[in-house]
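These notes are about the structure you will find just below.
The values are calculated or read from the model by the stated rules, or taken from the named source; none is laboratory data. In this text, all values refer to a predicted model and were calculated from it rather than measured experimentally. Every residue, glycine as well, gets a Cβ built from its backbone with ideal geometry; the counts of neighbours run over all protein chains shown. Heavy atoms of the whole protein, side chains included, go into the accessibility calculation; ligands, DNA and RNA do not. Shrake-Rupley method; radii C 1.70, N 1.55, O 1.52, S 1.80 Å.
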Amino acid sequence: SFDWLKIEDAQWVWEVVAWTVFGFLANTLISLFKHCRERTYSADEFLLIFPKLVLAPLLSVVVVALWSSGISTAPINYLNLPVFLVFAFSLGFCTEQLYVAVKDITGWFISRFVKVSEDRVAELAKSVPYVFVNPPPAASVPPPANLKQLRERIDSVAKAEFERGTVTLSSSTS
């Protein structure tokens with residue numbers, strides 16, 4: 001009997017978190033045993049347990065939410081509770097692989113919704129006139145009195161000409 005499961009409302013989140021933590025702890029203990037037997041244990045690896053302990057349940061809840069939203073075609077569902085528990089346990093057991101999978105899924109998911117329309121950008125570029133930051137160089141300018149004034153004049157003229165040239169080139173190519 002699975003009467004002890006809390007799956008109504010949002011209680012499934014706590015079930016996923018609990019079974020993910022169980023899976024994570026099982027994987028951690030197995031890994032610890034393996035490293036101790038091989039005499040390759042490192043305290044640095046042990047310190048990674050704490051961020052993974054926080055990360056595993058968060059990733060699992062995201063994966064289960066994505067799965068239950070209908071994006072996945074997996075046959076596992078809430079009606080098949082033993083398989084659901086194994087699924088949640090497995091998510092914790094394979095936290096590092098889960099991270100890679102969630103990263104790939106979110107990249108695919110976001111790329112479907114965040115696309116830049118080149119036509120829209122070109123239309124906006126034409127409709128909004130560019131406001132120049134640097135004033136155009138004056139037609140009649142007295143000669144500079146020293147090198148500092150010469151450098152300032154060259155900088156201001158170069159900035160203004162570069163800005164105008166960039167705007168001209170970008171508007172002629174679109």
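Only protein heavy atoms count here; on that basis, with a 1.4 Å probe, residue 127 has an accessible area of about 80 Å².
Two decimals is fine: what is log10 I(q)/I(0) at q = 0.13, 0.16, 0.19 Å⁻¹ for the stretch 110-174, from a Debye sum with one equal scatterer on every Cα and no solvent? Each listed q corresponds, in turn, to -0.56, -0.70, -0.83. A dipole drawn for the chain from +1 and -1 charges on Cβ atoms has a positive end, and of 154, 86, 102 the residue lying farthest that way is 154. For residue 104 and residue 39, the difference between the fully extended length at 0.36 nm per residue and the C-alpha to C-alpha distance is 20.0 nm. In whole percents, the pair-distance distribution calculated for the chain from its alpha-carbon pairs, binned every 5 Å from zero, is 1, 6, 11, 11, 9, 7, 6, 5, 5, 5, 6, 7, 7, 5, 3, 2, 1, 0, 0. A full extension of the chain between residue 132 and residue 154 corresponds to an added length of 6.1 nm, given 0.36 nm per residue minus the alpha carbon distance. Its Cα centre serving as origin, the chain has a Cβ charge dipole (Lys and Arg +1, Asp and Glu -1) of approximately 580 debye. The heavy atoms of residue 123 present about 110 square angstrom of accessible area, all protein chains included, probe 1.4 Å. Computed with a 1.4 Å probe over protein heavy atoms only, the accessible area of residue 52 comes to about 60 Å².
Note on surface exposure: 36, 94 rank 36, 94 by accessible area, highest first, 1.4 Å probe. With K and R counted +1 and D and E -1, the other residues having a Cβ less than 15 Å from that of residue 26 yield a net charge of +1. The stretch 34-54 and the stretch 112-158 have their alpha-carbon centroids 56 Å apart.
Solvent-accessible surface of the chain, taken per residue with a 1.4 Å probe and all protein chains present: 74 Å².
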